[in-house]
Amino acid sequence: MRDGLGIVTPLLAKAVCLVGGVAWFVIRYPHQRRSRHTPVRESGRDRRERVLLGLSLTGLGIVPWLYILAGFPRIAEHRFVPALAWAGTLCFASALWLFYRTHAELGRNWSVTLEVRDRHTLVTGGVYRRIRHPMYAAFWLWAVAQALLLPNWVAGPAGLVGFGALFLFRVGREERLMLQAFGDEYRVYMRRTARVVPWVY
């Protein structure tokens, strides 16, 4: 006998990942387009940054989409658990909401890479009130959602690995860039906030 959790199928779980990826693009595109018109005052974009962005894109985009659209690597598939897919769907919805809010609150301050823009302001309200990097929190939720939704030992955790590498090697550098730009104002902000999980880390 099937319970309510059985309604979610592997096909629907894959569809959630696909729709989530499209929604991510729809949310980001207007901000990315607008940010091109705001001059960059200081940039940390270098070879390491490009490699890290590539790893994140591979883990959250290329590998899961290869699995969803082509079934590769089929040898790494494992049993599909509807309850995990439900949890993954909730995680993805939360990620997209947080992703939208961070873009809306950053406005012209937003950048895809390590950059301080002309007339850059320090945003400390809204979703930035408790955590310094809600955009990273959104990507962590996305990576967890992917692991829960895709029953594949490669495609599922690929986002955790790819984005995890970016986060590990970028977050400290980003905070140093913000300290250079905002000095004591950012130090005070750091003391009263967590990086990605309120009151935890």
Selection from Ile27, Gly164, Pro64 lying farthest towards where the dipole of the stretch 10-191 points positive, charges on Cβ: Ile27
Residue-by-residue Karplus 3J(HN,Hα) for the stretch 124-132, coefficients 6.51, -1.76, 1.60, Hz, glycine and proline x: 10, x, x, 6, 8, 5, 9, 10, 7
Neighbour-count order for Ile27, Ile7, fewest beta carbons within 10 angstrom listed first: Ile7, Ile27
Summing -39500 (n - 2.57) over every DSSP H run of at least 4 in the chain, dividing by its residue total and rounding to the nearest 500, the 222 nm mean residue ellipticity is -20000 deg cm²/dmol
Distance histogram for the chain (every C-alpha pair counted, 5 angstrom bins, percent rounded to whole numbers): 1, 7, 14, 18, 19, 15, 10, 7, 4, 2, 1, 0, 0
What ranking do Phe25, Phe80, Phe99 get, fewest neighbouring Cβ atoms within 10 angstrom at the top? Phe25, Phe80, Phe99
State, to one decimal in nm, how far the label point of Tyr29 lies from the label point of Phe169, with both points 7 Å from Cα in the Cβ direction. 3.1 nm
By how many nm would the segment from Leu57 to Ala15 grow when fully extended, if each residue of separation counts as 0.36 nm and the alpha-carbon distance is taken off? 13.2 nm
Could you line up Leu60, Leu179, Leu141 from fewest to most neighbouring Cβ atoms inside 10 Å? Leu179, Leu141, Leu60
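Each value in this text was obtained by applying a stated rule to the coordinates, not by laboratory testing. Keep in mind that what you see is a predicted model, and the values were worked out from it rather than measured. Because the Cβ atoms are built from the backbone with ideal geometry, glycine has one as well, and the counts that use them run over all protein chains shown.
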